[in-house]
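**Student:** Take this structure, written in structure tokens, and hold onto it; I'll ask about it next.
The values are calculated or read from the model by the stated rules, or taken from the named source; none is laboratory data. Not measured: the values here are computed from a predicted model. A quick note on method: Cβ atoms are made from the backbone with ideal geometry, for glycine too, and the neighbour counts reach across all protein chains shown. Accessible surface areas use protein heavy atoms only, side chains included; no ligands, DNA or RNA. Shrake-Rupley method; radii C 1.70, N 1.55, O 1.52, S 1.80 Å.
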Amino acid sequence: MAASKTLTFALMDPPYENARSTTALRLIDCALRRGHNVNVFAYEGGVGLAFAKQAPHPNAMHGRDVAQEDHPNPKDWITALLKEAEQRGTKLDWVQCGMCVDERGAGEAVAGLRRGSPADLWKFAQASDNTLIIPSK
Amino acid sequence: MPRRVLNIIESAYRATIEEQDDTIVWLSYMLRDAGAELSVLLRGNAVNYAVSGQDCSGLSFGERRQTQPPRLDSDLVKLMEKGVPVLAVAEDLTERGIDSQDLVGGIKTIARSGVAKLFDSYDLVWHW
């Protein structure tokens, strides 16, 4: 396997709005599976991806109750990624932009993240092999 | 006499993985459930929703697997079974190389030049 790299991702889109965030999480998952360390700076609506009060719902169109629908919440995907990193001995350092969190009243995030500021993005970028910005469109 | 609604769906595959459906297809189903008289017109990239046999299963993050991926084609079938006609713009299908035999049964196609006239059949036209 190639030497472990450190990659930084900046995510900006809120959950349940488009496919970009799902794609970003897939890229992060892929990097972790390959043994790379990953930094994430969640900015603006991106802080909502880890909001702890997300809740699954049933789907009447599918005729399934909440358990059968097994509706995914991005917060659970993020928790799974954190666990994946831990099991593989890699690092997933996820920073929530503090001001973005405050604006949105989204302070309750899943465990394992930390609050930060744009200075963290700058530090990430300085210490990483590369940085991928995934902006809102 | 209730107002008749035409729901035009153009924004396609927008968070369908997370939602496990298209939110406007779902909304149309729920509106029908509430007694609405409506039709759905697929245009632009959304015409691909009508293609039979789509499969986006297999997504996982770590140990978290998606067990109920979206099945947009069968959701359209459910919508039609509920009494909601589903139409698709013919040129939008052709431009994407989609043949009519690729579609789930029951989808009606309409020429782009006929869309404006179609609007006259509805009291409300909602473009999503």
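**Student:** Can you name the condition, by its number, that residue A:18 falls short on among (1) within 7 Å of chain B (Cβ to nearest Cβ); (2) at pLDDT 95 or above; (3) part of a loop (DSSP other than H, G, I, E, B)?
**Tutor:** (2)
**Student:** While we're looking at this one, here's another question. Can you pull out the residues in segment B:31-79 that are outside any loop (DSSP other than H, G, I, E, B), open to solvent by 40 Å² or more (accessible area, probe 1.4 Å) and free of Cβ contacts under 8 Å to residues at least 24 places away in the same chain?
**Tutor:** Selection gives B:64, B:65.
**Student:** So residue A:26 fits all but one of (1) open to solvent by 30 Å² or more (accessible area, probe 1.4 Å); (2) under 20 Å from residue B:57 (Cβ atoms); (3) in contact (Cβ under 8 Å) with a residue 40 or more places away in the chain; what number is the exception?
**Tutor:** (3)
**Student:** What number of residues in segment B:111-128 are small (Gly, Ala, Ser) and open to solvent by 100 Å² or more (accessible area, probe 1.4 Å)?
**Tutor:** 1
**Student:** Which residues, counting only those in segment A:50-82, are assigned to a helix (DSSP H, G or I) and either over 18 Å from residue A:22 (Cβ atoms) or more than 10 Å from chain B (Cβ to nearest Cβ) (or both)?
**Tutor:** A:50, A:66, A:67, A:68, A:75, listed by residue number.
**Student:** Let me ask you something else. Take residue B:87 and tell me if it is outside any helix (DSSP H, G or I), more than 11 Å from chain A (Cβ to nearest Cβ), touching a residue at least 60 places away in the same chain (Cβ under 8 Å) and surrounded by 14 or more Cβ atoms within 10 Å (Cβ to Cβ).
**Tutor:** Criteria not met by residue B:87.
**Student:** Looking at residue B:5 and the list (1) within 14 Å of another protein chain (Cβ to nearest Cβ); (2) open to solvent by less than 20 Å² (accessible area, probe 1.4 Å), which single condition is not satisfied?
**Tutor:** (1)
**Student:** While we're looking at this one, here's another question. Write out, first by first residue and then by second, each pair whose Cβ atoms fall under 9 Å of each other, whose residues are 6+ apart or on separate chains, and whose first residue, in segment A:37-52, is open to solvent by less than 40 Å² (accessible area, probe 1.4 Å) while the second is assigned to a helix (DSSP H, G or I) and acidic (Asp, Glu).
**Tutor:** Within 9 Å, the pairs are A:39/A:120; A:41/A:120; A:47/A:103.
**Student:** Within segment A:7-23, restricting attention to residues that are crowded, with 18+ Cβ neighbours inside 10 Å and over 17 Å from residue B:59 (Cα atoms), which residue is farthest from the chain's Cα centre (by Cα)?
**Tutor:** It comes out as A:7.
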